[in-house]
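Structure, as structure tokens:
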Amino acid sequence: MRASVRLWLLGCVCVSLSACGTQPRAPAPIDHGGRGTPPQAVSCQASYTVRRGDTLSAIAQRCGTTVQALAVENSLSSPYTLREGQTLRMPGPSVYVVRRGDNLYRIALNHGMTTRELARLNGISESAVIHPGQELRVSGEPRQSVASAPDRPPQQRTSGAASPPPPPPPPAAETAPEFVWPLQGEVVGQFGSSSGRRIDGIRIAARTGEPVRAAAAGEVVYAGNELPGYGELVLIRHENRWVTAYGLNAVLRVEQGQQVRAGDHIADAGGPGPGDRPVLHFEIRRGVTPVDPMERLPRR
């Protein structure tokens, strides 16, 4: 199974997913501020005609781009004074292919965008998870290697006072949950490859209707079938940014936002999948980085 879909929803991943229901939450409405036509009434195609009360920032938000990209495209310089009736050219979005270790914040920062702008441009939520191979529309040229961008925004300095020392870095390897097997069956697909194609997890032989169980306690951050190639899929976020994925199910027994314990019944196996017998597709990830489940599951 090619991991090129938006598997790591909803965070990064994992990182901040929320809301109940089987459908991913749509991006929250954006308050663009200023006067003039409401955002939904504005058409942003190849160009935009400035209206009374418009600012470059408000136009960028409405049109899914950035102030920097608009300014460069139209040869504008700060303070970006606009006049009513002025025509602005819209910068064409570029395509960025997600690499291992990326998250929405890093990609947005590297392209001079906010996470909200990046999510809005791609029609996803700010908490959407991404993973290697996925294509994202971006505005602006990359400023640095994404891998070198900081994980979190810098802390604001307090005027007139010395900045407190930064907190100590987290341990190199935070403790992983004690995972249990989600299904008792033969491992028929190994991490890294299956039938000549790379997979980021393992495949476990299953019987139709057999209970699939949570590998550790956590929160269900996705339950649905909108990711091509994964069938009925459940994602569970655990402590210390660990995430497990359970794909190719027949029936889901949990909903997004639900808390589960290790061993809880979360799905029924037996959905359509590769080959001529039902399997469970099972992944373990640390953030967005896939880990071989066989290294984390107890020996049997």
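Each value in this text was obtained by applying a stated rule to the coordinates, not by laboratory testing. Here the structure is a predicted model, which is why all the values come from computation and not from measurement. As a convention, Cβ positions derive from the backbone with ideal geometry for all residues, glycine included, and neighbour counts pool all protein chains shown.
So for each of 266-279, 211-224 I average, over its residues, the number of other beta carbons within 10 Å; can you give me the resulting order with the highest mean first? Let's see the in-between values first.
On the way: 266-279: 18.9, 211-224: 22.3.
For the peptides 266-279, 211-224, the packing ranking is 211-224, 266-279.
Summing charges over all other residues whose Cβ lies under 12 Å from the Cβ of GLN86, with Lys and Arg as +1 and Asp and Glu as -1, gives +2. Given a Förster distance of 35 angstrom, what is the FRET efficiency for ARG137 paired with GLN259, based on the Cβ-Cβ distance and rounded to 0.05? With a Förster radius of 35 Å, E is 0.50.
Length gained on full extension, LEU76 to ASN240, computed as 0.36 nm times the residue gap minus the Cα-Cα distance: 54.6 nm.
Out of every Cα-Cα pair that segment 42-89 contains, those further apart than 12 angstrom amount to 58 percent. For segment 200-212, putting each phi into the Karplus relation 6.51 cos²θ - 1.76 cosθ + 1.60 with θ = phi - 60° gives couplings of 9, x, 10, 10, 10, 4, 9, 10, 4, x, 5, x, 9 Hz, in residue order, rounded to whole numbers and with x for Gly and Pro.
Label separation (GLN190 vs GLU178): 2.9 nm, computed from points 7 Å beyond Cα along the C-beta direction.
The amide H of VAL212, built 1.01 Å from its N in the peptide plane, has ILE266, ALA267, ASP268, ALA269 as neighbours under 5 Å, considering only residues 5 or more places off or on other chains.
Here's how it looks for GLU232: its modeled amide H is under 5 Å from those of LEU248, ASN249, which are all 5 or more places away or on a different chain. Between SER47 and GLU226, the FRET efficiency from the beta-carbon distance, with R0 = 41 Å, is close to 0.75. P(r) for segment 187-295, from all Cα pairs and a bin width of 10 Å, is 16, 51, 30, 2 %, short bins first.
So what's the net charge close to ARG253: Lys and Arg +1, Asp and Glu -1, counting the other residues with Cβ under 14 Å from its Cβ? Write out the running numbers ahead of the final one.
Working: positive: ARG213, ARG261; negative: GLU210, GLU232, GLU255, ASP264, ASP268.
Once positives and negatives cancel, what remains is -3.
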